[in-house]
1. Give the number of residues within region 62-74 that are part of a helix (DSSP H, G or I) and either in contact (Cβ under 8 Å) with a residue 60 or more places away in the chain or under 13 Å from the mean Cα position of the chain (by Cα) (or both).
2. State all residues of region 4-32 that are within 9 Å of the ligand (Cβ to nearest atom) and not aromatic (F, W, Y); if no residue qualifies, say none.
3. Can you tell me which condition Y103 does not meet? The list is (1) surrounded by fewer than 16 Cβ atoms within 10 Å (Cβ to Cβ); (2) within 14 Å of the ligand (Cβ to nearest atom); (3) in contact (Cβ under 8 Å) with a residue 24 or more places away in the chain, and all the others hold.
4. So S34 ticks every box in (1) more than 14 Å from the chain's Cα centre (by Cα); (2) within 19 Å of D105 (Cβ to Cβ) but one. Which box is left unticked?
5. Given region 83-199, what helices (runs of 4 or more DSSP H) lie entirely inside it while holding 3 or more residues that are modelled with pLDDT of 95 or more and under 19 Å from T224 (Cβ atoms)?
6. Of the residues that sit in region 1-37 and are among the aliphatic types (A, V, I, L, M) and not in a helix (DSSP H, G or I), which one is most open to solvent (accessible area, probe 1.4 Å)?
7. Could you tell me whether any residue of region 41-49 is within 16 Å of the ligand (Cβ to nearest atom), open to solvent by 20 Å² or more (accessible area, probe 1.4 Å) and modelled with pLDDT under 95?
8. Would you please list the contacts, defined by Cβ atoms under 7 Å and residues six or more apart or on different chains, that run from a residue in region 1-30 that is closer than 19 Å to K220 by Cβ and charged (D, E, K, R) to a residue that is part of a strand (DSSP E or B) and open to solvent by 30 Å² or more (accessible area, probe 1.4 Å)?
Amino acid sequence: MTTRIERCKDGSDTIYSDQFGQFYHNPNGAVAESLHVFFEISGLFDAIRVNQTISVFEVGFGTGLNALLLADFVAQSGSNSQVNFQSIEAWPISPEMAKSLNYGDFLKTPELVKKLEIIFAQLENGNAEIDLLQNVKVNVHKGLFSTFRPTNHTPYNFVFHDAFSPEVNPELWTPDVFEVIRTWSADDAVLTTYCAATRARAAMAMAGWFPFRAPGALGKREMTISSANPRTLDGFKPLDIEKLRNK
Ligand SMILES: C[S@@+](CC[C@H](N)C(=O)[O-])C[C@H]1O[C@@H](n2cnc3c(N)ncnc32)[C@H](O)[C@@H]1O
């Protein structure tokens, strides 16, 4: 797969994938979008602030930016949360490319990027497993989503659905994918994605998630936040679940 690093408008790097014909992040701001979608809107920062034990599942490890931002926040907040971060990635970038990304400039604990480089070195040979911090454990399954099965895991509390768009990466936006993730997740788990496409929301609804509207990052009108238990998302604007289920 050919990939190249590009600079976003907020100064943070992203990657352009020739294989999928898309950027890994919003070109207006990789760091800004990740913080908004996966940490602020989802309530994950709040859960870390109150020292909850947290299990996260990410669809698409990509550059590893989300794992870095997570560990950086845990470190800077002095949280005692125990965090397990499980991701999957079929086509990892090379350790050299990971080393060239400028994410250290955006972290309060920039030395975390050294550990990210170790993850990509491990991924050259198979799965990766490392403690980014004593209380933040990262595991990356190398392979297609369809080849992953969680073992001995606590149900996921937060799901980062960070695939490419449904147009170019349709296999990660099906009802079957959302259903299997739901069975691996806690009843009150929160799933977030930058995507506001009706077909993505319909797939979630058919799989037993309740999708809600949330304000999008960086000028995007909307993103999507879902839970299997709609009471978890009081305060967000619900979507017409019956209409979505019958799409
Ligand atoms: C939008 S990027 C992820 C961005 C990433 N979370 C980050 O912060 O850099 C989507 C990722 O999903 C991976 N991917 C796409 N389809 C996949 C599949 N079926 N199974 C596993 N990984 C897949 C791609 O290789 C890519 O790295």
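The values are calculated or read from the model by the stated rules, or taken from the named source; none is laboratory data. Keep in mind that what you see is a predicted model, and the values were worked out from it rather than measured. All Cβ positions, even for glycine, are placed from backbone atoms using ideal geometry, and neighbour counts span all protein chains on display. For the accessible areas, the whole protein counts, side chains as well, though only heavy atoms, and no ligand, DNA or RNA atoms are used. Shrake-Rupley method; radii C 1.70, N 1.55, O 1.52, S 1.80 Å.
1. Residues of region 62-74 that are part of a helix (DSSP H, G or I), as a first pass: 65-74.
Then keep just the ones that are either in contact (Cβ under 8 Å) with a residue 60 or more places away in the chain or under 13 Å from the mean Cα position of the chain (by Cα) (or both); that gives 65-71, 74.
The qualifying residues number 8.
2. Matches in region 4-32: T14, I15, S17, Q19, Q22, H25, A30.
3. (1)
4. That leaves (1) as the condition not met.
5. Hits in region 83-199: 175-183.
6. Taking region 1-37 and keeping what is among the aliphatic types (A, V, I, L, M), we get 1, 5, 15, 30-32, 35, 37.
Next, from what is left, pick out any that are not in a helix (DSSP H, G or I): 1, 5, 15.
Details: M1: 105, I5: 58, I15: 0 Å².
Filtering first and then ranking leaves M1.
7. Restricting attention to region 41-49, the residues satisfying the condition of being within 16 Å of the ligand (Cβ to nearest atom) are 41-42, 44.
Now restrict to residues that are open to solvent by 20 Å² or more (accessible area, probe 1.4 Å): 41.
After this cut, where a residue has to be modelled with pLDDT under 95 as well, the list is none.
No: zero hits.
8. Pairs found: E6/Y16; E6/F23.
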